[in-house]
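Student: Below you'll find the structure I mean.
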Amino acid sequence: MLLIIVIIVFIITGYSISNYQIIGYLTGSTLSKLTSFQIHSNLIIPLIILLILHIALTVGKKFPNE
């Protein structure tokens, strides 16, 4: 569930960097281009960690105690 939330925020902030007028209007200028860039940049490491954890847990369930 946490991975899904991080991916959605990552996509929204990435879209907001290139189309900041639309997202700024929709969020009432809460999510500016600079704020979106900072959030997007800071989410890279947590996204990678959660993705690796997700893959490791899935592989661990596929091959239990071999």
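We did not get these values from a lab; they are worked out from the coordinates using the rules stated. Keep in mind the model is a prediction, meaning the values are calculated, not measured. Cβ atoms come from the backbone with ideal geometry, glycine included; neighbour counts cover every protein chain shown.
Student: Which residue pairs have Cβ atoms closer than 6 Å, lie 6 or more positions apart in sequence or on different chains, and pair a first residue in segment 1-22 that is more than 12 Å from I39 (Cβ to Cβ) with a second residue that is surrounded by 11 or more Cβ atoms within 10 Å (Cβ to Cβ) and charged (D, E, K, R)?
Tutor: Y20/K33
Student: In addition: What about S36, is it over 11 Å from the mean Cα position of the chain (by Cα), surrounded by 10 or more Cβ atoms within 10 Å (Cβ to Cβ) and either within 22 Å of I12 (Cβ to Cβ) or touching a residue at least 60 places away in the same chain (Cβ under 8 Å) (or both)?
Tutor: Yes, satisfied.
Student: Is at least one residue of segment 54-64 touching a helix residue (DSSP H, G or I) at 6+ places or on another chain (Cβ under 9 Å) and either loosely packed, with under 10 Cβ neighbours inside 10 Å or not in a loop (DSSP other than H, G, I, E, B) (or both)?
Tutor: Scanning segment 54-64 turns up at least one residue that is touching a helix residue (DSSP H, G or I) at 6+ places or on another chain (Cβ under 9 Å) and either loosely packed, with under 10 Cβ neighbours inside 10 Å or not in a loop (DSSP other than H, G, I, E, B) (or both).
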